[in-house]
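Asks: Sharing a structure here in structure tokens format.
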Amino acid sequence: MAIGSPTGERLAKTGRAPVPPKVPALLRLRKMTPMTFLTIVAVVYLFVMVTFVFAAMRTEQSLLHQGAFGPLSLSRLGYDWRQLSGFSSGVYFDWLKNSAVVAFGGAAIAVAVALPAGYVLAMLHFRGRRVLLFLTILTMVMPNTVLVIPIFLEVSAVHQIDRLWPVAVIFGFFPFGTYLAFVHYKTTLPFELLESGRIDGVSEIGLFLRLAVPLAKQAVALVFFFAFVADWTNYFLPLVMLPSSSVQTVSVGLQELITSSQLFNPSAAAGLNVQLYMPELSFAAVLQMLPVLVVFIGAQRYLSRGAMLGAVKG
Amino acid sequence: MMASSRQGRGGLSLLVPYVVLLAVVGIVPTGYAIYQSFLARSGSGFGGISAYHDAVTEFQFASSFAHIGLVLAVWLPFMVIGVMGLALMLHGQRSRLVGVYRFIYYLPGALAGMGNFVLWLFLLDPVNSPVRPILSWLGYSTLNQTAEPAHLPVIIAFMLFFQGAGTWILVIYGGLNGIPEELGEAATIDGASRWQVTRWIKLPLVRPWIAYFVLLNVAYASQLFLEPQVLGLATEGQISPQWTPNQLVYTFAFQVFDVPAAAALSVILLAISLVIGVLITTRTGLFSNRD
């Protein structure tokens, strides 16, 4: 029987008349329970996120005295912006720029490296293929924090600490991307196509460029998305690799805002020339997640498939 | 196979960038850390296992692993039951809201890391918190009271659930969608209840995903750093800066400047994740590296 054939037709085949729902009210209530529960969870999630975003548009006084919801003002965002710009002469915007360099750079390298590697692993037979695939899956399921200190020792041995390019290159190693590309080519590219190309005398590189690259759209979107989000939100690696404030990424920079805040560190913040309370912190946190949100929306239609491939890493 | 005999060597050059990165970012640093871990504390000369001895006998060593155990004891059941429960409930629904809810559950993932942390500071600090009535009912009026060290396992469990559960719900939901509908329908016609369909058909079929999920989260928890570290900074030192093993590595490397001990502890942590990684790769049956 075909999947998704209309229920009525199926019931007709099994020889049963469709029974009209004559369920007692109490049972119907019980049947509603999972949906009610799901709704409650969704409402809690929305409540948390919405109050957090709204905090950027409220005053400290309102947060202090009016509870979860209070008057919102868009001009408050301008005030937050000025406070943030005044902090260490606008270092926040350097952080955003640095994050953009390492996250876009890292994701671009990840795509450029993972696509051909996934193609070769999926389509060619060679010695060491099994070992390489095993190493790919192994490194993919290991948390990326585990190598941070060893990588730091390596990079400091060649005196490249406090530079952005090594961070982007390290982010470029994205075994999950290679695995995604591997699965993508395994399921979309027929061997016969490669065979006929070879008979026509196309070189191996030519086969990749002419057959595999045009098919890559889905894999490119997924690899770029997952790499970008992982890189942008990474904290431990940039913390260790970029110790100077002006070369930090924004996720480490947020930590500096917290420790400089009058709210969490009144003594250290005594000499601070700007206000860093919850509205400003919320503004800084929400502003830095907008790029992730944009990339997320761009990649959304490719995501359900990616998720099924095991799209989760630590 | 014909293909392999005719296929030229040229194709393998496409692998070069990946293999180089695997070496530079994975294999070389691992080897270098192992080498450093056998150096003497002065940084020069062979030190045998003295760095390992230093790391293991550090008084925070055992407690940092105990903290990971505590976090796992709270977080893992919370996560498994929460994610499986929500995914199964979503899967049972016909409503169009399902897609909306999946999206809402996923959204905090975009705030992952520090963004999520700032959000939780907002929730936990009674001064601004939108849930202040709950906090004051619990008797907390300052952040230091909400975030006292004994509460950390629960707080971290909440933080990690909020940022990570949505993605896992997508994964498990995707796995449930892969089950042919006829299977459940046939069982229902034979008189199986909804619970029986879930218990005997759906759960066994997504079992590999659950195993993957548990192992991956154990590996992740053993690596905790951000949450206890920054919460410690925000509460003016009431939480030990060596609360987790990774924080201990960080202290060895950047406060004590005992690089061999930092390397030795890194190697120990690496070995733990390696064991978990090998279990995931070879035992869950999700990643067949055959054809």
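Asks: Can you tell me how much longer the chain between A:LEU209 and A:LYS97 gets when fully stretched, taken as 0.36 nm per residue apart minus their C-alpha distance, in nm with one decimal?
Replies: Full extension from A:LEU209 to A:LYS97 adds 37.1 nm.
Asks: Under 5 Å between amide hydrogens, which residues at least 5 positions from B:LEU39 or on another chain qualify, with H placed 1.01 Å from N in the peptide plane?
Replies: Close amide H contacts, sequence-distant or interchain: B:GLY47.
Asks: Under the rule a/c < 1.5 gives rounded, and otherwise a/b versus b/c splits prolate from oblate, where does the stretch B:11-69 land using the Cα gyration tensor?
Replies: oblate
Asks: With springs only between Cα atoms under 10 Å apart, run a GNM on chain B and tell me which of B:PRO108, B:PRO204, B:PRO153 wobbles the most.
Replies: Most flexible of the set in this elastic network: B:PRO204.
Asks: What is the distance in Å between the Cα centres of the stretch A:98-123 and the stretch B:249-287?
Replies: A separation of 25 Å, based on Cα centres.
Asks: If you take each beta carbon of peptide A:58-71 and count the beta carbons of other chains within 10 angstrom, what is the mean?
Replies: 2
Asks: Can you list which of the DSSP-assigned H helices in chain A have a Cα extent of 27 Å or more along the long axis and an average Kyte-Doolittle score of at least 0.5?
Replies: A:25-55, A:91-123, A:278-308
Asks: Given Cα pairs under 8 Å that are at least 6 residues apart, what percent is the relative contact order of the stretch A:85-308?
Replies: Once normalised by length, the contact order is 31 percent.
Asks: Let me ask you something else. Could you grab the relative contact order for the stretch A:25-79? Cα pairs under 8 Å, six or more apart, rounded to a whole percent.
Replies: Once normalised by length, the contact order is 28 percent.
Asks: Further question: Shielding by partners for A:110-120, please: the mean number of other protein chain Cβ atoms within 10 Å of each residue's Cβ.
Replies: 4
Asks: Still on this structure, I have one more. At 0.36 nm per residue, minus the direct Cα-Cα distance, what do B:ASN144 and B:LEU203 gain on full extension? Give it in nm, one decimal, please.
Replies: Separation in residues times 0.36 nm, less the Cα-Cα distance, equals 17.1 nm.
Asks: For the peptides B:271-280, A:131-140, what is the packing order when you average, over each peptide's residues, the other Cβ atoms within 10 Å and list the highest mean first?
Replies: A:131-140, B:271-280
Asks: Calculated FRET efficiency, B:LEU279 and B:GLN196, Cβ-Cβ r, R0 30 Å, to nearest 0.05?
Replies: Here the calculated transfer efficiency is 0.45.
Asks: What's the average, rounded to a whole number, of partner chain beta-carbon atoms within 10 Å of each residue's beta-carbon in A:131-138?
Replies: 6
Asks: Would you please give the FRET efficiency between B:ALA40 and A:VAL274, computed as 1/(1 + (r/R0)^6) with r the Cβ-Cβ distance and R0 = 60 Å, to the nearest 0.05?
Replies: For R0 = 60 Å, the calculated efficiency reads 0.80.
Asks: Students often check this: by mean Cβ neighbours within 10 Å, which of A:263-271, A:46-54, A:117-125 ranks highest, and how do the rest follow?
Replies: My ranking of the peptides, most packed first, is A:117-125, A:46-54, A:263-271.
Asks: Another question, if that's okay. Using the Karplus curve 6.51 cos²θ - 1.76 cosθ + 1.60 with θ = phi - 60°, what ³J(HN,Hα) values do you get for each residue of the stretch A:242-247, in whole Hz, with x for Gly and Pro?
Replies: Coupling constants for the stretch A:242-247: 10, x, 7, 4, 6, 9 Hz.
Asks: What shape does the protein assembly as shown take by its C-alpha gyration tensor, where a ≥ b ≥ c are the square roots of the eigenvalues and a/c under 1.5 counts as rounded, a/b above b/c as prolate, and the rest as oblate?
Replies: oblate
Asks: Is the shape of chain B best called rounded, prolate or oblate, per the rule: a/c under 1.5 gives rounded, else a/b larger than b/c gives prolate, else oblate, with a ≥ b ≥ c the square roots of the Cα gyration tensor eigenvalues?
Replies: Oblate, because a/c is 1.5 or more while a/b does not exceed b/c.
Asks: Okay, next question. Can you order the peptides A:86-97, B:231-242 by their average number of other Cβ atoms within 10 Å per residue, highest first?
Replies: Peptide ranking by packing, descending: B:231-242, A:86-97.
Asks: With an 8 Å Cα cut-off and a minimum separation of 6 or more residues, compute the relative contact order for chain B in percent.
Replies: 27 percent
FYI, it's all coordinate maths here, none of it is from the lab. In this text the structure is predicted, and so the values were computed from the model without any measurement. Note that each Cβ is placed from the backbone with ideal geometry, even for glycine, and that neighbours are counted across all protein chains shown.
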